[in-house]
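The values are calculated or read from the model by the stated rules, or taken from the named source; none is laboratory data. On a predicted model such as this, the values are computed, not experimentally measured, just so you know. Here Cβ is always computed from backbone atoms with ideal geometry, including for glycine, and neighbour counts include all displayed protein chains.
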Amino acid sequence: MKEDIKIKICGLKRDEDIELVNKYHPDYVGFVFAESKRKISFEDAKKFKDDLDEDILAVGVFIDHHIEDIFYLIENDIVDIVQLHGDEDEEFVDKLKEFNNNVKIIKAIKMKNKDESNEEDIKKWENSNVDYILLDNGKGSGEAFDWKTIGNIKKPFFLAGGIGSENIKKAVKFKPFAVDLSSRAEENGFKSSKKIAKIMKKLNEVNNVGKLNQTNNGRYGIYGGQYIPETLMNELLNLEEQYNFYKNDSEFKKELQFLLDKYAGRPSLLYFAENMTKDLGGAKIYLKREDLNHTGSHKINNVLGQILLAKKMGKSRIIAETGAGQHGVATATAAALLNMECEIFMGEEDIKRQTLNVYRMELLGAKVNIVCSGTRTLKDAVNETMREWSKRVNDTHYVLGSVMGPHPFPMIVRDFQSIISEEIKEQLFEIEDKLPSVVIACVGGGSNSIGSFYNFISDEKVRLVGCEAGGMGVDSKYHAASITKGKVGIFHGMKSYFCQGDYGQIAPVYSISAGLDYPGVGPEHAYLNDIKRAEYVPITDEEAVKAFEYLARKEGIICAIESAHAIAQSIKIAKKMKKDDIIVVCLSGRGDKDVESIKNYKIAKNGEI
Amino acid sequence: MSKITEAFKDEKVFISFLTGGDPSKEKTVEYIISMEDAGADIIEIGIPFSDPIAEGPVIQNANIRALSNNINTDDIFDIVEDLRKESNIPLVFLTYINPVFFYGYEKFFRRCYDVGVNGIIIPDLPYEEKDEISENAKNYNVDIISLIAPTSKDRIRMIAKDATGFIYLVSSMGVTGVRNEIKTDLNEIIYEIKSVTNVPIAVGFGINTPEQSKKIAKIADGVIVGSAVVKIIEEHGVDSKQHIQEYVAEMKNATRI
C-alpha cells in the first residue's frame, strides 16, 4: 500500500491555532522554539500540547538549543518529535536517541540553489540515525526552493518552504513523506482557517486519487483484473507501462489539453436549468453539457487521450467497438484528425438502429465492420474487436470506449473522463461556492458516470447516483440493469456485475438506448456500489422517453436517450429536495441520433406521436 | 506424473477437440470414443459459453448449437460420466472462466474429480489470474493447462515454470480456426520453454492438414486440432462418426512419420 502523504502545519502560536488544527487534523504540528516571529515559550507549548488532539503529533523546532532543554520537552511530553535546524551534528542526534530512543528526529537541510550541490549534506544525513530529512530553502522566507534539485532521497523527507494550496499538488509529485506548511497557511501573520481548509482539501484529493489509482492488477476491491487471453497480455502490460509514463509527461499533457480545449471545445458548459428547476420546485438543477463537445458526447474525452497515447506508442491503426455509434464516431473523428487507420465494429442490430452514425463513421474514413455473432449488439461488438486485436497487436491499439474490459482500460478511460467532474467542481464552486448535493449520470459500461463521479468520491456528502437501463422493467427479461439485477461474474476481461443466465451464460440484454445496452458494468462502479459510495437505480424506457421529451420542451435541449435516463432520475428526486440543494446531471450526449427511434417508439406504443 | 503428462511418455501425442453437446450428449460420447479408437491420445471437451472470445467462427457456431440444445455445465459432466464407463482416455475441459466461476470453483473441481476430468484450459485466465482456481484445481487433481502465445516473449519462462499437464503453445495470432500456414517461429519458443521445464508441449490453433501435423510433431510433443474436427460435425451432424474417425486416424498417423 502506498502511504498517504502526511501534512505538518508549523508555527502555531495562539489558542485559536490549536482549535484550527484540531478541526482540520493535520498529521503533525510544529512548535517553534528557535528565534523567529513564531517562537513560543515552553509554557505556551505545554498548554498547547494539552489542548491538542492526541493523534496529532507535536514537532519541536530547534536551532542549536541546549540538549537539556530538548530533554525537558521530551520528558514532559510537550514534543513528540524533534526537528533540528542548526549545526547540530550526528553526536547530538545520537545523544537524543540515547535519552529516548522512541523520539523521532527530523534533520533540516538547507537546499542550495541550482549551481551548488546538496549531495554531500543529504548523503551525510541519509546515513545517520535521524528518522526523517526536511528539505527547505533555509531562509525562512516562505519561498520554495527549486524542487527539481531533489534527487533520489533514501530517507523519508518533509518538503518545506513556500507550499500552499496553489502548489501542493505539484509538491507531492516529488514524493515527499510529508509536506510542511507555514506562511502560506497564514493570513496577516496568523494561521487562516480558510487557507488551511483549502490546503487540506487538495491534499485529501491527492491522497484519495492515490488510493483509487492504487490497483493491484487493476483491482477495485474484488472487481477488475485482467481476464484476457495470453496473446494480449504483453500488449496490456505494455499499454499500462506506456500510459503510466505518458500521463505524467508534460509534452503529452500539453498536447492533450490543447486538443481538448481547441478541438473538442472544453471546458463544456455547466448550465443552470432554470425552467426545469422552477417547474419541479425543489433542488436547483445544473446540466453538465457534454452533449456540446465536438462529436456530441463525452466519448471524445477518452478517445482523444487514447488515440494520442496510441500515436506516442507508435501505433498506426485504431480499432474500436461501438453501441449507439457515439464512441465509434468519436473514434473515427480523432483517428481522422491524428491520421490513423481506423476500423469500427458494430452489431448488426445497432447498425439498424443507428444508420446515420454508420454513415458518419464512413464519412470520417473509418471502415465499419458489421458484427453478426451472438445478440448482434454492443457485447458482441466488444467480442469481435477483442478477437481482431488478438490477430494484430503490433501496429494496432484497441480504443475501448468505456470504463470496462481488462486493466488498464477501466483506469485509463476513467482518468480521461474524470475531467467531467473536475470541471463540474470548479464551475459549481465559481457559481454557487459549494459542492453539489447529488451528481446523477447514466450507466452503461459507466464512462460518463465515473467521469462525473470521480472527483467527488472523496467528498462523502455528495450523493452519487448512476442510472441503469431498466428497459421494459427490471422484473421483465428486457433490461440491461447489471448492478440492480446482475450477479458477480468474469467477462470481457474483468470481474464485475453481469446480467447472466443459468450456468453463467451472458444474458441478452435490452434497452431503448443502444449505448446502455450492455450486460456488464465497469469494475469501479461495482466497487462503489458494494461500499455504498454510489447508488444505482434502474430507469425504464418509458421514463427515459418522458424525460427526453420533458427536457426538450422545458429547456430546448434534445439530449441522447442515454442521458435522458439521468434526467428522469433528477425529475424523480428534485421535488423532494430542498431549494438550496443542487443536482448536477451529466448530459452525456446529444439526441439527434435518437429522434427517429423515439418517434418509432411512440408510434409503436400509442399508434401516434 | 499426472495422467495427462503420462500420455506423452512414449510417442507424439494427438489431441482432439469437440464442443460438448454438439450435436447431442450421446453423440459427443460416441465421437470421443471413435476418436480414441482412431488414435487420439487426449480429448479436449469444450463447455459451451455464450461469448467465447478466443474462438473463431467454427467453434463459436458449435457453442451456439450446443447452447440452443440447452446444453449446460451439468450436462457436460454427465457426458464425462457416461464416457468414463467405456473409456479411460485423458480428458481436458476447455471453457471460459465465467461458467466455472458461476458453478462455484470448489463444486466445479470436485465434480471434475468425481467424474474423471484430468485437466482444464481457460483461455481468458492468464498467468496473473490463475489464483482464481489454482488451489481447487490442485486439491482435486486437475491440471491447469497454461497457454503460451507468439506474443508471450519475456513471459514464456514464468508461465512454463509453473505449468502442469502440458503446455498449450498457440501457433498463431488471433483466434482458433483453420489456417493454411503457420508463420510463427515455434522452434525458438519451444527451445525457451524446454530450458525451464520438462512439461510436454502441444501446439494448437490453425492446424488441420496431415502435413501440418507432421511438421509440428517434429518439433513439439503433441498436436492439437479443434476447428477442423468441429467443422466435420458442423457438416455431418449426427452422422459424423466415420468422417471424424478417418480424419483423426490420418492426423495421428502423420505424427508418427
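Which ones in the range B:138-148 are away from chain A (no Cβ under 12 Å), surrounded by 16 or more Cβ atoms within 10 Å (Cβ to Cβ) and not hydrophobic (A, V, I, L, M, F, W, C)? Once the filter is applied, which keeps residues that are away from chain A (no Cβ under 12 Å), surrounded by 16 or more Cβ atoms within 10 Å (Cβ to Cβ) and not hydrophobic (A, V, I, L, M, F, W, C), the range B:138-148 yields B:TYR140, B:ASP143.
Scanning the range B:36-67 for residues being touching a Ser or Thr at 6+ places or on another chain (Cβ under 6 Å) and among the basic types (Lys, Arg) gives a total of 0.
Residues of the range B:149-198 that are within 14 Å of chain A (Cβ to nearest Cβ), farther than 18 Å from B:GLU55 by Cβ and within 17 Å of the chain's Cα centre (by Cα): B:ALA163, B:ILE167. Residues that are assigned to a strand (DSSP E or B) and touching a helix residue (DSSP H, G or I) at 6+ places or on another chain (Cβ under 6 Å) were ranked within the range A:226-277; the one that is nearest to A:ILE431 (Cα to Cα) is A:LEU270. Has the range A:14-21 got at least one residue that is part of a loop (DSSP other than H, G, I, E, B), within 38 Å of the chain's Cα centre (by Cα), in contact (Cβ under 8 Å) with a residue 24 or more places away in the chain and farther than 18 Å from A:ALA160 by Cβ? Yes - at least one qualifying residue is present in the range A:14-21.
For the range A:380-404, a residue qualifies if it is within 20 Å of A:GLY325 (Cβ to Cβ) and among the charged types (D, E, K, R), and the qualifying residues are A:ASP380, A:GLU384, A:GLU388.
In summary, A:ARG590 fulfils each of the numbered conditions (1) over 20 Å from A:SER511 (Cβ atoms); (2) out of contact with any Lys or Arg (no Cβ under 6 Å at 6 or more places or on another chain); (3) touching a residue at least 12 places away in the same chain (Cβ under 8 Å) with the single exception of condition (1). Take the range A:126-163 and flag every residue that is under 30 Å from the mean Cα position of the chain (by Cα) and aromatic (Phe, Trp, Tyr). The answer is A:PHE145, A:TRP147, A:PHE157, A:PHE158.
Taking the range A:182-207 only, how many residues are of a type in the set (S, T, N, Q) and not in a helix (DSSP H, G or I)? Total meeting the criteria: 3. Against the condition touching a residue at least 24 places away in the same chain (Cβ under 8 Å) and within 22 Å of A:VAL393 (Cβ to Cβ), how does B:SER213 come out, does it pass? The answer is no for B:SER213.
For the range B:226-234, state whether one or more residues are surrounded by 16 or more Cβ atoms within 10 Å (Cβ to Cβ) and more than 24 Å from B:PRO52 (Cβ to Cβ). For the range B:226-234, residues surrounded by 16 or more Cβ atoms within 10 Å (Cβ to Cβ) and more than 24 Å from B:PRO52 (Cβ to Cβ): absent.
Only residues that are closer than 11 Å to A:SER183 by Cβ and not hydrophobic (A, V, I, L, M, F, W, C) were counted in the range A:129-165, giving 7. For A:SER390, the conditions (1) touching a strand residue (DSSP E or B) at 6+ places or on another chain (Cβ under 8 Å); (2) assigned by TED's automatic domain parsing to the domain that holds A:MET346; (3) not hydrophobic (A, V, I, L, M, F, W, C) are fulfilled apart from (1). Candidates A:ILE561, A:ILE583, A:ILE573: the one that is at negative phi, out of contact with any Ser or Thr (no Cβ under 8 Å at 6 or more places or on another chain) and assigned by TED's automatic domain parsing to the domain that holds A:GLU426 is A:ILE573. Contact annotation: residue pairs with Cβ atoms under 6 Å, 6 or more positions apart or on different chains, pairing a residue in the range A:180-199 that is in contact (Cβ under 8 Å) with a residue 12 or more places away in the chain and within 12 Å of A:GLY162 (Cβ to Cβ) with a partner that is among the aliphatic types (A, V, I, L, M) and in a helix (DSSP H, G or I), are A:ALA185/A:ILE196.
A:VAL465 falls short of the stated requirement of being of a type outside the set (Phe, Trp, Tyr), in a loop (DSSP other than H, G, I, E, B) and either on the phi > 0 side of the Ramachandran plot or more than 10 Å from chain B (Cβ to nearest Cβ) (or both). The number of residues in the range A:542-593 that are of a type in the set (Val, Ile, Thr) and closer than 16 Å to A:ALA283 by Cβ comes to 7. Scanning the range A:22-47 for residues being in a strand (DSSP E or B) and within 19 Å of A:ILE105 (Cβ to Cβ) gives a total of 5. Just one of A:MET361, A:MET404 is in contact with a Pro (Cβ under 9 Å, 6 or more places away or on another chain) and among the hydrophobic types (A, V, I, L, M, F, W, C); which is it? Testing whether each residue is in contact with a Pro (Cβ under 9 Å, 6 or more places away or on another chain) and among the hydrophobic types (A, V, I, L, M, F, W, C) leaves just A:MET404.
Of the listed requirements (1) assigned to a loop (DSSP other than H, G, I, E, B); (2) over 30 Å from A:LYS194 (Cβ atoms); (3) away from chain B (no Cβ under 14 Å), A:LYS434 misses just one: (2).
The selection criterion, being outside the structural domain of A:GLY347 (by TED's automatic domain parsing), in a loop (DSSP other than H, G, I, E, B) and in contact (Cβ under 8 Å) with a residue 60 or more places away in the chain, does not hold for A:PRO406.
Close contacts from the range A:375-394, counting a first residue that is more than 8 Å from chain B (Cβ to nearest Cβ) and more than 19 Å from A:PRO508 (Cα to Cα) and a second that is crowded, with 22+ Cβ neighbours inside 10 Å and among the hydrophobic types (A, V, I, L, M, F, W, C), with Cβ to Cβ under 8 Å and a gap of 6+ residues or different chains, come to A:GLU388/A:ILE319; A:GLU388/A:PHE345; A:TRP389/A:LEU232; A:TRP389/A:ILE319. Can you pull out the residues in the range A:492-508 that are facing chain B (nearest Cβ under 7 Å) and touching a residue at least 40 places away in the same chain (Cβ under 8 Å)? A:ILE506 - this is the single residue of the range A:492-508 that is facing chain B (nearest Cβ under 7 Å) and touching a residue at least 40 places away in the same chain (Cβ under 8 Å). Within the range B:172-194, the only residue that satisfies the criterion of being in contact with a strand residue (DSSP E or B) (Cβ under 9 Å, 6 or more places away or on another chain), surrounded by fewer than 24 Cβ atoms within 10 Å (Cβ to Cβ) and of a type in the set (S, T, N, Q) is B:THR184. Of all residues in the range A:303-344, exactly one satisfies the criterion of being among the hydroxyl-bearing types (Ser, Thr, Tyr) and more than 22 Å from A:LYS391 (Cβ to Cβ), namely A:THR333.
Okay, residues lined up against (1) of a type in the set (Val, Ile, Thr); (2) at pLDDT below 95; (3) buried (at least 20 other Cβ atoms within 10 Å of the Cβ):
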position	(1), (2), (3)
B:ILE59	yes, no, yes
B:ILE64	yes, no, no
B:GLU86	no, no, no
B:PHE93	no, no, yes
B:TYR96	no, no, yes
B:PHE101	no, no, yes
B:TYR105	no, no, no
B:ASP114	no, no, no
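Across the range B:113-137, which residue is farthest from the other protein chains (Cβ to nearest Cβ) among those that are in a helix (DSSP H, G or I) and not acidic (Asp, Glu)?
B:TYR113
Here is a list of conditions, (1) farther than 27 Å from A:ALA310 by Cα; (2) touching a residue at least 12 places away in the same chain (Cβ under 8 Å); (3) surrounded by 15 or more Cβ atoms within 10 Å (Cβ to Cβ), and A:GLY221 meets all of them except one; can you say which number that is? All conditions are met except number (3).
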